[in-house]
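Student: Okay, handing you the structure first.
The values are calculated or read from the model by the stated rules, or taken from the named source; none is laboratory data. Here the structure is a predicted model, which is why all the values come from computation and not from measurement. Here the Cβ positions follow ideal geometry from the backbone for every residue, glycine too, while neighbour counts run over all protein chains shown. Quick note on the areas: whole protein, heavy atoms, side chains included, nothing else; ligands and nucleic acids left out. Shrake-Rupley method; radii C 1.70, N 1.55, O 1.52, S 1.80 Å.
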Amino acid sequence: MRWQPTWTQAMTDFRGEDEEPPFADVTVRMTVPASIGGHHVRAELSNRFGDEPAVIGHGAIGVGGHWLDVTFDGQRTTKIPAGESRWTDPVELAVGHGDHVEVDLYLPEPTPYATANGFRFQRSTTPGDVVGSRRFPAAETGLASEGTGWSLPSGGPFLRAVEVAGAQAAAVIVCFGASITTMGWPQLTAARFPAEARIAVLNRGIPGNRIRHDAPAAHPSWGRSGLSRFDDDVLGTTGVTHVMLAHAGNDIGLPGEHAPLGELPTAAQQIDAYRQLVDRATAAGLGVALATITPMAPGPAGDRERIRRAVNDWIRTSGHEFADFDAVLRSAADPARMAAEYDAGDHQHPNVTGENLLAGAMTEVIQRLLR
């Protein structure tokens, strides 16, 4: 079978952040949207940042209320060594464009919340194996309480990718970025295309991520730098044909508050980092698009705003396809600020309306890339 990704996330390191309590004798459920369909499905489970093997006691994949248990090399259970990943065996289950694919994992042994991403998943409120339950006894967990204006897609622990077999994708586009990417415009973009377009739009964003530097010690979940994780999260994606580089402003905004001030780049240094990513993508035969950096005021100003504008000017004149996320979200009265109607509340991240606008801009880029 020829496998193609229908959904992905970028796994990152939550050790030491106390983001979630550990798992023990519980079941987790993750519900993710399919961007392309197929007649078989499998899932990749990652223990990349675990310190100990992770035991999966039972797993299942469901679509439309129809559940099938999964095996691992023919076995019901598996132990994923620290730093490694495992694929489930294929199951014959029809997945359609836009379907919600549910992945249940029963974790029988004490297991830290270490390798994860996404904002929302479900954790069973009763102990034991409830994999595939039609009445899953769970409370929503993650960041769902942040507010109704926030776009908070599903993700969760261990689940790195869902792949399907059955139809050749016309394009596999990896969206490589930070929190604004993670918040869901790639999924919203995928939903705008008809099923027959067979375009997989995949999310490899990590909140807090930067291109040039790894996460500061206090926030390991902000991830390895874009330059460090590019091979894993872009080139390591099955069948990738294109990459959208959309890292936003963390390289500019974090130094001095959440990271050493000496890590603040010049515009030339930041542009050089983008060029390195473009060169690596081009060398791998991928089509490339870029996104301009969205407004950051009333946060970092002065030299930082000049850096942001200089990088955006380069993106607009680089000769590559680009989505002008800055122009989509900025205030007409003050271009350094996000327009109030698109602001999720912190002046840095777009709300659901803003994420949909970014999806519209990305849709136009994909249409140009595939002409």
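Student: Just checking, which of Ala248, Ala215 is in a loop (DSSP other than H, G, I, E, B), among the small types (Gly, Ala, Ser), open to solvent by 10 Å² or more (accessible area, probe 1.4 Å) and at pLDDT 95 or above? Step through it out loud before you land on a result.
Tutor: Working: Ala248 fails: at pLDDT 95 or above.
Just a single option satisfies the conditions, and that option is Ala215.
Student: Say whether the condition of being open to solvent by less than 30 Å² (accessible area, probe 1.4 Å), small (Gly, Ala, Ser) and assigned to a strand (DSSP E or B) is met by at least one residue in the range 223-245.
Tutor: No, the range 223-245 has no match at all.
Student: Pick from Thr363, Thr294: which is part of a helix (DSSP H, G or I) and modelled with pLDDT of 95 or more? Let's see the steps before the verdict.
Tutor: On the way: Thr294 fails: part of a helix (DSSP H, G or I).
The conditions single out Thr363.
Student: If you don't mind, there's one more thing I want to ask. Considering every residue within the range 256-272, establish whether at least one is touching a residue at least 60 places away in the same chain (Cβ under 8 Å), farther than 24 Å from Phe49 by Cβ and surrounded by 15 or more Cβ atoms within 10 Å (Cβ to Cβ). Can you show your working first?
Tutor: Going through the range 256-272, the residues touching a residue at least 60 places away in the same chain (Cβ under 8 Å) turn out to be none.
Checked against the condition, which is being touching a residue at least 60 places away in the same chain (Cβ under 8 Å), farther than 24 Å from Phe49 by Cβ and surrounded by 15 or more Cβ atoms within 10 Å (Cβ to Cβ), the range 256-272 yields no hits at all.
Student: Given the condition of a type outside the set (A, V, I, L, M, F, W, C) and under 24 Å from Ala273 (Cα atoms), answer yes or no: does some residue in the range 330-347 qualify? Steps first, please.
Tutor: Within the range 330-347, the first condition is being of a type outside the set (A, V, I, L, M, F, W, C), and the residues that meet it are 330-331, 334-335, 337, 341-343, 345-347.
Filter once more, keeping what is under 24 Å from Ala273 (Cα atoms): none.
Among the residues of the range 330-347, not one is of a type outside the set (A, V, I, L, M, F, W, C) and under 24 Å from Ala273 (Cα atoms), which makes the answer no.
Student: If the Cβ limit is 6 Å and pairs must be 6+ apart or interchain, which residue in the range 345-371 that is closer than 17 Å to Val201 by Cβ pairs with which residue that is assigned to a loop (DSSP other than H, G, I, E, B) and aliphatic (A, V, I, L, M)?
Tutor: Every condition considered, the pairs that remain are Glu355/Met183.
Table: residues versus (1) on the phi < 0 side of the Ramachandran plot; (2) of a type in the set (D, E, K, R).
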residue	(1), (2)
Ala169	yes, no
Phe176	yes, no
Glu196	yes, yes
Gly208	no, no
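Student: Determine whether the range 32-47 contains at least one residue that is hydroxyl-bearing (Ser, Thr, Tyr), open to solvent by 10 Å² or more (accessible area, probe 1.4 Å), closer than 28 Å to Val240 by Cα and not in a loop (DSSP other than H, G, I, E, B).
Tutor: no
Student: Is the range 52-62 home to any residue that is assigned to a loop (DSSP other than H, G, I, E, B) and open to solvent by 20 Å² or more (accessible area, probe 1.4 Å)?
Tutor: Of the residues in the range 52-62, the ones assigned to a loop (DSSP other than H, G, I, E, B) are 52-53, 57.
From what's left, open to solvent by 20 Å² or more (accessible area, probe 1.4 Å): 52-53.
Looking through the range 52-62, at least one residue is assigned to a loop (DSSP other than H, G, I, E, B) and open to solvent by 20 Å² or more (accessible area, probe 1.4 Å).
Student: Out of the residues in the range 273-288 that are open to solvent by 50 Å² or more (accessible area, probe 1.4 Å) and in a helix (DSSP H, G or I), state the one that is nearest to Arg306 (Cα to Cα).
Tutor: Within the range 273-288, the first condition is being open to solvent by 50 Å² or more (accessible area, probe 1.4 Å), and the residues that meet it are 275-276, 279-280, 282-285.
From the residues that got through so far, the ones that are in a helix (DSSP H, G or I) too are 275-276, 279-280, 282-283.
Working: Arg275: 19, Gln276: 22, Asp279: 25, Arg280: 27, Thr282: 28, Ala283: 31 Å.
By that ranking, first place goes to Arg275.
Student: Report yes if some residue within the range 256-273 is under 21 Å from the mean Cα position of the chain (by Cα) and within 24 Å of Ala327 (Cβ to Cβ); otherwise report no. Talk me through it step by step, then tell me what you get.
Tutor: Residues of the range 256-273 that are under 21 Å from the mean Cα position of the chain (by Cα), as a first pass: 273.
Now restrict to residues that are within 24 Å of Ala327 (Cβ to Cβ): 273.
Within the range 256-273, one or more residues are under 21 Å from the mean Cα position of the chain (by Cα) and within 24 Å of Ala327 (Cβ to Cβ).
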